[in-house]
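Step one of this worksheet: look at the structure below.
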Amino acid sequence: MSFNKAIQSGKEHRKPYCGAKAIARGCRNHGSCEWCEGNRTHKNDKRELAAEQELIDFEKM
């Protein structure tokens, strides 16, 4: 059953994309726009900064 037929017959339960996701494909999950990628990789960026700071502190000792 195609997507349009599923919507017409009421068998489709997925929510349509809203906001920026409806307009730009890059803003969807795992998207490539800078804003979304920055939000997604924030935890890793914090870890890298902490590791760099530990190296700097180690070199000072």
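Bear in mind these aren't lab numbers, they're just calculated from the coordinates by the rules spelled out. Since the structure is predicted, the reported quantities are computational estimates derived from the model, not experimental observations. Quick reminder, even Gly has a Cβ in these numbers, built from the backbone with ideal geometry, and neighbours come from all protein chains shown.
Observations on the structure shown:
- Considering only I7, Y17, G31, the residue lying farthest towards the positive end of the dipole of the chain is I7, judged by Cα position with unit charges set on Cβ.
- Each of the trypsin sites (Lys or Arg not before Pro) that DSSP puts in a loop and that has at most 16 other Cβ atoms within 10 Å breaks the chain; the longest unbroken stretch is 29-61.
- Nearest 10 degrees, 0 to 90: helix 42-60 Cα axis against the chain principal axis: 10
- Among (1) 48, 29, 15; (2) 38, 29, 19; (3) 70, 19, 15, the entry derived from the coordinates for Cα extents along the principal axes in Å: (3)
- Filtered chymotrypsin sites (Phe, Trp or Tyr not before Pro), the chain: DSSP coil and at most 15 other beta carbons within 10 Å: Y17
- Structure-based [θ]222 nm, the chain - -39500 (n - 2.57) summed over DSSP H runs of at least 4, per residue, nearest 500: -17500 deg cm²/dmol
- Springs join every pair of Cα atoms under 10 Å in this Gaussian network model of the chain, and among C18, C36, C27 the largest mean-square fluctuation is at C18.
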